Amino acid sequence: MRLLLFLLCLTATAASAQAPRRFSAQAEPSASPSPDEPEWARTPPPAIGPAESTGTRAQRYSRFSAGPGGPSVVVAEVLLGLSGGALLGNAYDAEGSTSNAYFGAMMGGLALGTAGTFYQYFVPVGRRESVLATLASVTWMMGGIGFANGSDVSDHGRGIIALVSSQAGLFGALLLTAGGEDVSGSDMGLMGMSSLYAFLVTSLVEFINDAESSGGYNFTPMLIAPAVGLALGGLLSIPLELSPLRLAAITFLPLIPTGMSIALAAPLSGNATTGRVVLTTLSASFILTTLVAVFTYEPPPQERASASTVRLSPVPVVMAAGRRNSSLAAGPGLRIQF
């Protein structure tokens with residue numbers, strides 16, 4: 001009995017092992033068609049729809065986005081639509097009512113989110129490119145609100161200007177960086193640093209003016225300054241390419257003596273004097289750190305070997321002047337190294 005069961009199990013195992021082979025052999029088409037087979041049966045059916053090449057498929061990041069930074073653009077658009085739509089809808093609300101603000105936020109988020117979704121589906125967006133576009137949209141929205149406040153625009157106009165300026169900043173940055181490689185980290189850091197320091201310097205200047213006059217604090221220049229600083233950093237990023245270490249030093253080292261000057265000057269002096277001390281410390285430390293970072297730059301061996309034989313660099317010049325060289329003259333100079 002045991003021998004019979006063993007033979008049955010062995011036969012079933014052999015049959016199951018041979019079944020896929022017979023199925024695959026039947027599924028494979030014959031290499032040489034039969035001469036009796038008609039001509040229409042020998043011709044393979046045409047492909048349905050346009051054929052997509054391998055290169056075209058490789059350019060898409062996923063089935064929902066053409067680039068890795070697309071979802072960030074969608075999230076930024078939804079948030080901008082919520083805030084801008086709420087600001088615009090709030091202008092139509094009566095006192096004690098918030099229904100229009102809620103409706104405006106929902107419609108703004110839906111409309112701008114849909115626009116961002118369509119854009120990132122067809123146009124590839126890099127990761128750092130999406131961060132730059134988000135930063136540009138926020139700074140331009142702040143600048144639009146500052147411009148509306150300074151121009152005494154109505155609440156309806158302020159909401160429209162905020163929405164239009166945010167979209168101009170976002171899609172302007174996307175269009176300027178579209179069609180090429182992703183934005184480098186050095187360019188992103190330089191633009192962020194210039195926007196930050198433009199905001200700090202303008203805020204300190206307005207703080208001093210507010211302490212010396214009775215006109216009140218003017219928020220308009222402070223809100224417009226980040227957008228201007230971002231544009232200036234974009235222009236500087238064309239000829240400059242700073243290393244991450246030097247960029248971090250230029251960005252954060254001046255903030256240390258600036259914070260110390262605030263802690264020392266605020267308890268001992270008035271608002272105007274404190275503002276002057278902090279502004280002087282911030283400007284001087286930023287200029288000195290930038291000069292040290294620039295003049296101590298050592299190019300890598302590959303860059304040094306491929307560089308030109310003539311190097312030009314600006315230097316300060318102090319020399320004797322006047323009759324019998326009894327005076328000193330100082331000014332900018334140019335050093336030429338062969």
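The values are calculated or read from the model by the stated rules, or taken from the named source; none is laboratory data. On a predicted model such as this, the values are computed, not experimentally measured, just so you know. Don't worry about glycine lacking a Cβ; one is built from the backbone with ideal geometry, like all the others, and counts go over all protein chains shown. Please note that ligands, DNA and RNA were not included when accessible areas were found on the heavy atoms of the full protein model with its side chains. Shrake-Rupley method; radii C 1.70, N 1.55, O 1.52, S 1.80 Å.
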Scanning segment 148-177 for residues that are closer than 17 Å to THR220 by Cα and of a type in the set (S, T, N, Q), the one farthest from the chain's Cα centre (by Cα) turns out to be SER154
Pick from PHE219, PHE252: which is modelled with pLDDT of 90 or more and either open to solvent by 70 Å² or more (accessible area, probe 1.4 Å) or over 27 Å from GLY143 (Cβ atoms) (or both)?
PHE252
Only listed residue being farther than 30 Å from LEU200 by Cα and of a type outside the set (S, T, N, Q), chosen from GLY146, GLY113
GLY113
Any residue in segment 139-147 that is under 14 Å from the mean Cα position of the chain (by Cα) and not basic (Lys, Arg)?
yes
For LEU112: the one exception among (1) of a type outside the set (Val, Ile, Thr); (2) open to solvent by less than 50 Å² (accessible area, probe 1.4 Å); (3) without any contact (Cβ under 8 Å) to a residue 40 or more places away in the chain
(3)
Those residues of segment 255-295 which are over 18 Å from GLY189 (Cα atoms), at pLDDT 85 or above, in contact with a helix residue (DSSP H, G or I) (Cβ under 7 Å, 6 or more places away or on another chain) and of a type outside the set (Val, Ile, Thr) amount to PRO257, SER261, GLY275, ARG276, LEU279, LEU282, SER285
I need the full set of residues from segment 149-189 which are in a helix (DSSP H, G or I) and among the charged types (D, E, K, R), in order please.
ASP155, ARG158, ASP187
Mind checking which residues of segment 159-209 are polar (S, T, N, Q) and within 14 Å of ILE224 (Cα to Cα)?
SER165, SER166, SER194, SER195, THR202, SER203
Based on this model, can you work out whether ALA66 counts as over 26 Å from ILE145 (Cα atoms), open to solvent by less than 60 Å² (accessible area, probe 1.4 Å) and either modelled with pLDDT of 90 or more or touching a Lys or Arg at 6+ places or on another chain (Cβ under 7 Å) (or both)?
yes
